[in-house]
Amino acid sequence: MNQQSKFMPALWGGLLIGVISGVPGLNLINCACCAGVIGGGIFAVYMYRRDTGPYAQITSTDGVVLGLIAGLIGAVLASILSALFGTASMEMLEQAKQYIDDPDARQILDQLSGQGMSAGLFFISMMLNVVIYAIFGLIGGLVGASLFGKNKPKPETSLDEPQPPVENP
């Protein structure tokens, strides 16, 4: 199978990684040793297995490539989603400050709202995500290759072999 056919399964794995990692609440799955990122790499290999059929061999190299691409796509998507949800969270903090009378609590909220994601912070965060997600996506691709990489033996039917005679009753 050529490299081009690996893109769509890796894209699906990357989308899974991005959604799990970028959506607040769901991103807690990654607290378990980046389980969402590893799962996305495994999912990419599963989708590749589904596309190639049960008789194709999936090597560990295929798993590495699929997991790596899925991790890179997931890192970019997760960074974008985190920035979008972070902006929405900052807007909610601004609205919450209207209803708080305690000056100490208001001061804390002022400090939090002033720490919005700048372009530099977004870039640094995305670069860290790219490195970490590539590594853990690669691990997921290797795990997926070991789970789904074994090909099923093709059924042996040959016209050269004599067939047993059919008995007529």
- Note on the structure: Checked pairs for the range 94-107, first free of Cβ contacts under 8 Å to residues at least 12 places away in the same chain, second surrounded by 10 or more Cβ atoms within 10 Å (Cβ to Cβ) and hydrophobic (A, V, I, L, M, F, W, C), C-beta under 8 Å and 6 or more apart or across chains, list as Ile100/Leu109; Arg106/Ile100
- Task: Could you please find all residues in the range 30-42 being buried (at least 24 other Cβ atoms within 10 Å of the Cβ) and free of Cβ contacts under 8 Å to residues at least 24 places away in the same chain?
- Result: Gly36
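Considering Ser60, Ser5, which residue is touching a helix residue (DSSP H, G or I) at 6+ places or on another chain (Cβ under 6 Å), small (Gly, Ala, Ser) and surrounded by fewer than 19 Cβ atoms within 10 Å (Cβ to Cβ)?
Numbers: Ser5 fails: touching a helix residue (DSSP H, G or I) at 6+ places or on another chain (Cβ under 6 Å).
Matching residue, one of Ser60, Ser5: Ser60.
Considering the range 51-69 alone, what residues qualify as being part of a helix (DSSP H, G or I) and free of Cβ contacts under 8 Å to residues at least 40 places away in the same chain?
In the first step, residues of the range 51-69 are kept if they are part of a helix (DSSP H, G or I); the result is 51-52, 60-69.
Thr61 - this is the single residue of the range 51-69 that is part of a helix (DSSP H, G or I) and free of Cβ contacts under 8 Å to residues at least 40 places away in the same chain.
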- Query: Could we say that Val45 is closer than 13 Å to Ile139 by Cβ, part of a helix (DSSP H, G or I) and touching a residue at least 60 places away in the same chain (Cβ under 8 Å) here?
  - Reply: yes
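Conditions tested, residue by residue: (1) surrounded by fewer than 20 Cβ atoms within 10 Å (Cβ to Cβ); (2) over 30 Å from Lys154 (Cβ atoms); (3) at pLDDT below 95.
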residue	(1), (2), (3)
Asp51	yes, no, yes
Pro54	yes, no, yes
Ile69	no, no, no
Ile73	no, yes, no
Ser82	no, yes, yes
Ser89	yes, yes, yes
Ala96	yes, yes, yes
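Listed here are the residues, each with its yes/no results for (1) of a type in the set (Ser, Thr, Tyr); (2) under 30 Å from Ala119 (Cβ atoms).
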{"residue": "Ile42", "(1), (2)": "no, no"}
{"residue": "Gly53", "(1), (2)": "no, no"}
{"residue": "Ser60", "(1), (2)": "yes, no"}
{"residue": "Ala70", "(1), (2)": "no, yes"}
{"residue": "Ser79", "(1), (2)": "yes, yes"}
{"residue": "Ser82", "(1), (2)": "yes, yes"}
{"residue": "Phe85", "(1), (2)": "no, yes"}
- Criterion: under 8 Å from the mean Cα position of the chain (by Cα) and part of a helix (DSSP H, G or I) - qualifying residue of Leu72, Leu16, Leu84: Leu16
- Got a number for residues in the range 109-123 being modelled with pLDDT under 75 and exposed (fewer than 12 other Cβ atoms within 10 Å of the Cβ)? 4
- Query: Among the residues of the range 4-23, is there at least one that is closer than 18 Å to Leu147 by Cβ, in contact with a Phe, Trp or Tyr (Cβ under 7 Å, 6 or more places away or on another chain) and modelled with pLDDT under 95?
  - Reply: yes
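The values are calculated or read from the model by the stated rules, or taken from the named source; none is laboratory data. Just so it is clear, the model here is predicted, and its values are computed rather than measured. Positions of Cβ are generated from backbone atoms using ideal geometry, with glycine treated the same way; all protein chains shown enter the neighbour counts.
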